[in-house]
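Heads up, the thing below is written out as C-alpha cells.
The values are calculated or read from the model by the stated rules, or taken from the named source; none is laboratory data. Fair warning: this is a prediction, and the values are worked out from it, not measured in the lab. Cβ sites come from the backbone with ideal geometry, for glycine too, and all protein chains shown count toward neighbours.
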C-alpha cells in the first residue's frame, strides 16, 4: 500500500514490487534477535514458532518493545505477534524500564533463555510458568 504522505511518489513502479512482511513487529521495537522453537516443552501452539527479543525504544513518549514475543502457528506466520515475556516496563510510571531483552536461545530441556543487557541478566523461561533470573 502506498504511503499517503508521498502524493507525488517519483517511483510508483517500486511500490508495486514491495513485499509485505509476514509478521510486523511494530515501529521502534528494536527487534534484535529471533529464534525458532524446535523443542517440545512449551505447548504445541509454540512448536516451530518464531520468538523475538525486543530491546525497545528509548526516544519515544510511549515506549514500545521491551518484551519477548513471537508469531505462532506451527511454524507459519500468523497475524500479530503475541507477547510472551513481559513486565519490563513499569505499570505505574510507563517511562520506567526494568530491563531490555536482546537475544533468545533454547536449552536442551526446551526452556528459553533471554538476555537482558540493562541488568546483565539471563532470564530462563520454563513451560511450567516459572521464570528464573540467572
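Worth a mention:
- Selection of the stretch 73-87 for residues being touching a strand residue (DSSP E or B) at 6+ places or on another chain (Cβ under 7 Å), at pLDDT 80 or above, surrounded by fewer than 21 Cβ atoms within 10 Å (Cβ to Cβ) and not in a strand (DSSP E or B) yields only 86.
- Here the condition is being touching a strand residue (DSSP E or B) at 6+ places or on another chain (Cβ under 7 Å), without any contact (Cβ under 8 Å) to a residue 40 or more places away in the chain, outside any loop (DSSP other than H, G, I, E, B) and surrounded by 11 or more Cβ atoms within 10 Å (Cβ to Cβ); of 70, 65, it holds for 70 alone.
- Residue list for the stretch 23-41, filter: touching a strand residue (DSSP E or B) at 6+ places or on another chain (Cβ under 8 Å), closer than 27 Å to residue 89 by Cα and assigned to a loop (DSSP other than H, G, I, E, B): 23, 25, 29, 30, 37
- Some residue of the stretch 93-109 being exposed (fewer than 15 other Cβ atoms within 10 Å of the Cβ), more than 21 Å from residue 38 (Cα to Cα), under 17 Å from the mean Cα position of the chain (by Cα) and at pLDDT 80 or above: yes
- Flag if residue 59 is part of a loop (DSSP other than H, G, I, E, B), under 17 Å from residue 127 (Cα atoms) and without any contact (Cβ under 8 Å) to a residue 40 or more places away in the chain: no
- When the stretch 15-60 is limited to residues that are more than 25 Å from the chain's Cα centre (by Cα) and modelled with pLDDT under 85, the one that is surrounded by the most Cβ atoms within 10 Å (Cβ to Cβ) turns out to be 15.
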